[in-house]
Amino acid sequence: MARPEGYRKAVRLMELAERFGIPVLSIVDSAGAYPGIGAEERGQAEAIARSTDACLSLGVPNVAIVTGEGMSGGAIAITTANRVLMFEHAIYSVISPEAASSILWRDGTRPGSRNQHEDHRPGHAAVRVIDTILREPVGAHTATPP
């Protein structure tokens, strides 16, 4: 969960890659941007917008891979790329199930959050949100978190 400083650092590195003609590869596994008040005070939304803009304006090849979670604008700020790949058991969404639940029912723990979301991965490829679904070995992403 990146803070504004993390997005600004990503922008600086993208600009450096552009200057030296180095392709950009982003590996994304994030539940979204850090939601704290301090992050908002330090310009979280502006940092996410500038990161998205930097991704869109790159002249070098830009590839993003969603390996686990890719949630909310925080993930979109890094996955705006020429090619977006996603592991078959990964999740890529504009809003996390908990955040949607907290908006709809003012309770992020209600049924329908994390463990009960529908599987929309095939739909992502159909509407060209992602370019390729990467096959994973049997058992990947199936371990229960501690």
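What follows is calculated from the coordinates using simple rules that are stated; it is not laboratory data. Computed from a prediction, not measured in an experiment: that's the story for all the values here. Ideal geometry is used to build each Cβ from the backbone, glycine not excepted, and the neighbour counts take in all protein chains shown.
Per residue, how much space in cubic angstrom lies within the convex hull of the C-alpha atoms of the stretch 61-100?
So the per-residue hull volume is 56 Å³.
Based on the Kirkwood radius over alpha-carbon pairs, what is the Stokes-Einstein translational diffusion coefficient of the stretch 1-47 at 37 °C with 0.692 mPa s viscosity, in µm²/s?
Rounded, D is 282 µm²/s.
Nothing charged except the Cβ atoms of Lys and Arg (+1) and of Asp and Glu (-1): what's the magnitude of the dipole of the stretch 1-72 about its Cα centre? Round to the nearest 20 debye.
200
Share of Cα-Cα pairs in the stretch 15-103 beyond 16 Å, in percent?
56
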